[in-house]
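Since the structure comes first, as structure tokens, the remarks are kept for the end.
The values are calculated or read from the model by the stated rules, or taken from the named source; none is laboratory data. Please read all numbers here as calculations on a predicted model, not as lab measurements. Backbone-built Cβ (ideal geometry, glycine too); neighbour counts: all protein chains shown.
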Amino acid sequence: MADYKQYMEELLVATAQNGASDLHLSPGNYPIMRIDGHLIPLSSKKILDYETLGGLVAVLLGEERRSRFLSEKEMDFSYESAQGTRFRVNAYYTRGRVAATLRLIPDSIKTIEELGLPQIIKVFSKLSQGFVMVVGPNGHGKSTTLAAIIDLINKERAEKILTIEDPIEYMFVPEKSVIDQREVYQDTFSFHKALRSAFRQNVNVVMVGEMRDYETMSAAVTAAETGHLVFASLHTNSAPQTIERIIDSFPPNQQPQIRNQLASTISGIISQRLVPAIKGGLAPAVEVMIANPAVRTLIRDNRPRQLDLVIETSQDVGMISLNRSLADLVRKKVIDMERAEFYSLNPAELKELAR
């Protein structure tokens, strides 16, 4: 076991030193890092056999988590290396063998400026109540954007902030605010239970790491309705798709009610992609929807597909469409057209905008 622990440390050091976002440990492969969106094998290491992988995953799990992993077959948790670098780990089985993916969690929380995000996002940190969602595919910086907004509130306002995460990623240092961070399974049994108990904790701001089921979505909307400022992430691609996903996750007889609740509580949706830049690294392309009367009416009337048009025609109030953000990056020569088209939901319109 000691040898596996040392080998695990070597891999984690290599991941951090190479500026990788992820480390993949999968049977029959070299250890593989993801750097700027590309998979790079650590070919100086041996191909991972079942025994080595079992040893490495056992190191990550430790004694406490092992029995739960064996019964559930997959598990999310955080792991800290000997160097103090933190990782979000997903351990799982593939064809009857163990494997793991580790996401490096930066040790400092970057500001909205440092992340290259649009300044308009700061308006969401100034709200007293409402519901703000950060959406996008897996691995496109949703947690990082949420952390930047929460830390901005922490620096500027004296509030009671609660985060509910699986696992805890960024560690907040309280400044003006009081911050409680609760990890699912360790500090609470589920997102929705923690959300419900937040009503008894005199909380002002809540961050939900991920909305996975309709009980969590329902509790989040109710929290926003009862005077809280709620931030949450969701694996969707756009503002219209986000609204549809939330409403469709409810039983049909509850959908009219949740539609009305959502229309009255929603404050905004940030949808983002991290696009490989020409000079290396990743550049954020960001869609921003800010809830105004037109947005609320479309949600209430069950016409979410028309939200794209409102976003496109509401630049004057700070809204940004994903295509406009991509076109802007192309014009500034931050990303190339081919990459922009790959991430666009409407490549024909993108070409027009990028001229």
- Item | Of the criteria (1) among the acidic types (Asp, Glu); (2) over 29 Å from Val13 (Cα atoms); (3) crowded, with 16+ Cβ neighbours inside 10 Å, which one Glu175 fails | (3)
- Taking only the range 191-207 into account, find how many residues are out of contact with any Asp or Glu (no Cβ under 8 Å at 6 or more places or on another chain) and either within 22 Å of Gln254 (Cα to Cα) or without any contact (Cβ under 8 Å) to a residue 12 or more places away in the chain (or both). 5
- Note on the structure: Per the list (1) modelled with pLDDT of 95 or more; (2) in contact with a strand residue (DSSP E or B) (Cβ under 6 Å, 6 or more places away or on another chain); (3) surrounded by fewer than 19 Cβ atoms within 10 Å (Cβ to Cβ), residue check on Gly37 breaks on (1)
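Taking helices (runs of 4 or more DSSP H) that do not extend beyond the range 215-333, which have at least 3 residues that are touching a strand residue (DSSP E or B) at 6+ places or on another chain (Cβ under 7 Å) and in the same structural domain as Glu159 (by TED's automatic domain parsing)?
239-248, 322-331
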- Item | Subset of the range 132-161 that is touching a His at 6+ places or on another chain (Cβ under 9 Å) and outside any loop (DSSP other than H, G, I, E, B) - its residue that is farthest from Gly281 (Cα to Cα) | Val135
- Answer with yes or no whether Ala58 is under 30 Å from Gly141 (Cβ atoms) and small (Gly, Ala, Ser). no
- Any chance you could count how many residues in the range 63-88 are aliphatic (A, V, I, L, M) and without any contact (Cβ under 8 Å) to a residue 60 or more places away in the chain? 2
- Query: Is there a residue in the range 13-27 that is in contact with a Ser or Thr (Cβ under 7 Å, 6 or more places away or on another chain), crowded, with 16+ Cβ neighbours inside 10 Å, polar (S, T, N, Q) and touching a residue at least 40 places away in the same chain (Cβ under 8 Å)?
  - Reply: yes
- Item | Residue identified as within 15 Å of Leu117 (Cβ to Cβ), of a type outside the set (Phe, Trp, Tyr) and surrounded by 17 or more Cβ atoms within 10 Å (Cβ to Cβ) among Leu329, Leu307 | Leu329
- Restricting the first residue to the range 159-188 and requiring it to be under 18 Å from Ala224 (Cα atoms), which pairs with a second residue that is crowded, with 16+ Cβ neighbours inside 10 Å and among the polar types (S, T, N, Q) meet a Cβ separation below 6 Å and a spacing of at least six or different chains? Glu159/Ser177; Glu159/Asn204; Lys160/Asn204; Ile161/Ser177; Thr163/Gln181
- Query: within 18 Å of the chain's Cα centre (by Cα), more than 23 Å from Pro31 (Cβ to Cβ) and at pLDDT 95 or above - does that describe any residue in the range 87-108?
  - Reply: no
- Query: Taking strands (runs of 3 or more DSSP E) that do not extend beyond the range 10-118, which have at least 1 residues that are closer than 30 Å to Glu156 by Cα and of a type outside the set (Ser, Thr, Tyr)?
  - Reply: 74-80, 86-94, 97-105
